[in-house]
1. Can you give the charge dipole size of the chain about its Cα centre, rounded to the nearest 20 debye, using +1 on the beta carbon of Lys and Arg and -1 on the beta carbon of Asp and Glu?
2. Go through the range 88-101 residue by residue and turn each phi into a ³J(HN,Hα) via Karplus (6.51, -1.76, 1.60, θ = phi - 60°); whole Hz please, and just put x for glycine and proline.
3. Tell me which cysteines of the chain come out unpaired when the rule is another cysteine's Cβ under 4.7 Å.
4. Could you go through the range 110-126 in sequence order and give the Karplus-derived ³J(HN,Hα) for each residue, using 6.51 cos²θ - 1.76 cosθ + 1.60 with θ = phi - 60°, rounded to whole Hz, and x for Gly and Pro?
5. Between the helical axis of 46-61 and the dominant principal axis of the chain, each derived from Cα atoms, what acute angle in degrees is found, rounded to the nearest 10?
6. Relative to the longest principal Cα axis of the chain, at what angle does helix 193-219 sit, 0 to 90 degrees, rounded to 10?
7. Suppose the chain between R136 and A151 were pulled fully straight at 0.36 nm per residue; how much longer would it get relative to their current alpha carbon spacing?
8. Below 10 angstrom from the Cβ of Q144, what's the summed charge of the other residues (Lys, Arg +1; Asp, Glu -1)?
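What follows is calculated from the coordinates using simple rules that are stated; it is not laboratory data. As the structure is a prediction and not an experimental result, all values here were calculated from the model. When we count neighbours, we look across all protein chains shown, and the Cβ atoms used for this are built from the backbone with ideal geometry, even at glycine.
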Amino acid sequence: MGVPSAMELLRIWETSQHQSSAHQALQLLAAAHPDQAWETLSQLSVGQRDGLLLTLRQQLFGPQLACVADCPNCSDRVEITLRVADLQLPTQPVTPPFMLKVEDYEVQFRLPTGGDLVAIAGAANPDQAQQTVLNRCLLSVRYQGEAVTDAPLPSTVLDRLIATIADMDPQADIRLDLTCPHCQHGWQLSFDIAFFLQREIQTWAYRLLQDVHCLARAYGWSEAEIVGMTPQRRHLYVEMASHG
């Protein structure tokens, strides 16, 4: 895995500002894996994608993640420090299609992919998004040996399918066990590395562009020259420019 340069990361941020975090995630993986076709990367399962994103995040910003969450009981702000290594799960290579037998149904399916998440970016609500992904992942359905094409799956079959997919791709659904230090309320919070990384890159880009503005005014350097500096040198120059 390669690491996108600061200029390349800035370009990805700029071109994906009005796109979903799922789309930006694929852009980041394409930059980190230039030998892989976009179509190949988009067909990675969500868990495979997230594992690669966690590794890339560590290479870009380090092994620790600083997060905040609002307690659903008292609304107090809770600060959390995580380590990338604690979020990475061991994965086994899996090859679709997969078969699930429930009652008199035989369901052939594949795992949701990063490309599926890009496709549902404009979904009206979470229920519609989930149904769209499941429809894309269903390859065939048979009931008592006969092919079924139009009838919806019974809720019992659908629930088993969702649970099976979650068990097969656990990296795709990371949940954090949190406790509020103020009221001691405990709850679970889903952690989406694609969304988290999108917000981090946005914050990083704003700070970098502020440095570019400061140093371009102070020294007349070009954006490429400033962005190409190491963060340490750039920070020292900003300090010196700020003090006249």
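1. Working: 16 positive and 27 negative charges, 125 e Å.
Dipole magnitude for the chain comes out near 600 debye.
2. After applying 6.51 cos²θ - 1.76 cosθ + 1.60, I find 8, 9, x, 10, 10, x, 10, 10, x, x, 10, 10, 10, 10 Hz.
3. Singleton cysteines: C67, C137, C214.
4. Per residue, the Karplus-derived 3J(HN,Hα) values read 10, 7, x, 10, x, x, 4, 5, 5, 5, 9, 4, x, 4, 5, 7, x Hz.
5. 10 degrees
6. Orientation of helix 193-219: about 20 degrees from the principal axis.
7. 3.9 nm
8. Residues near Q144 contribute -3 overall.
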